[in-house]
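Asker: Here it is: the structure, laid out below.
Each reported figure results from applying straightforward, stated rules to the coordinates on display, with no laboratory input. If you're wondering where the values come from, they're calculated on a predicted model, not measured in any experiment. Virtual Cβ from ideal backbone geometry, glycine too; neighbours counted across all protein chains shown.
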Amino acid sequence: MKSAADLIHCEANDAVARLTMNRPQARNSLSLAMLEQLHDAFDTLGNDPTIHVIVLAGNGSAFCAGHDLKEMTAARASDDGGRAFFDKTLTACSRLMQAIVTCRKPVIAEVHGIATAAGCQLVASCDLAVASTEARFATPGVNIGLFCSTPMVALSRNVSRKAAMEMLLTGDMIDAATALQLGLLNRVVAPEVLSSTTLTLAENIASKAPATLKIGKEAFYAQSEMSLSDAYDYASGVMVMNMLEADAKEGISAFLEKRDAQWASL
């Protein structure tokens, strides 16, 4: 799949789709068109039964440098000072981040370079994240008079409150090792093995029952917003329904019979 404007590329390796942001000259900044095409791509891949896992990567020196500030500045020339365009862009950004979370397939960020502002938000919104030792992360809006309020939503749901506040209030860049320690990343590896490590992780997850992955991802985010008692009530109900699924019956039988499971398609 290739977008008409060539802003994103998508290629499939068996059950793993690799979605690559392709604005290297702009450090993969999120123009309105890029936001909309990424949203459509996640919607399409999320409903593709042949795809079990999605990897999000960036082309060029950066993973994603956040919003396209040149595009947003140009919008100030409109009669409303850019208000309508800003609203449209920020709404599209919020829709994209939520589409990643609600996507039926697990999404892994593969971060090779800087991920700043909405780019850091992208990393935090993905289910998992693998980064190169050369990757860097920041929410630097405060440095230009623009607090990273929407990146704050995803960031504060991944790292501790104090860690999130420090990143948001200082705008300082942190390295991959620090991001791993804070919980923003799952793994940090050498640049030369970044893609292979991410693919191995994706293939491992893709080997599981696709319907079970969907059930589990949806339940994870749903219970995280509940009280402890409500979360257990909800999760118990999910497990009952899951036990009645054909894949659970097949998986348990295969385990007991010491054979490979044959999963049903999503």
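Asker: Can you run down the residue pairs with Cβ atoms below 9 Å, 6 or more apart or on separate chains, where the first is in segment 246-266 and within 12 Å of P210 (Cα to Cα) and the partner is of a type in the set (S, T, N, Q) and loosely packed, with under 12 Cβ neighbours inside 10 Å?
Answerer: Cβ pairs passing all conditions: none.
Asker: Next up: So, in segment 127-144, exactly how many residues are part of a loop (DSSP other than H, G, I, E, B) and under 19 Å from G60 (Cβ atoms)?
Answerer: The number of residues fulfilling the criteria is 3.
Asker: Further question: Looking at segment 117-139, which of the residues that are surrounded by 24 or more Cβ atoms within 10 Å (Cβ to Cβ) and β-branched (V, I, T) is nearest to the chain's Cα centre (by Cα)?
Answerer: Going through the qualifying residues, I end up with V123.
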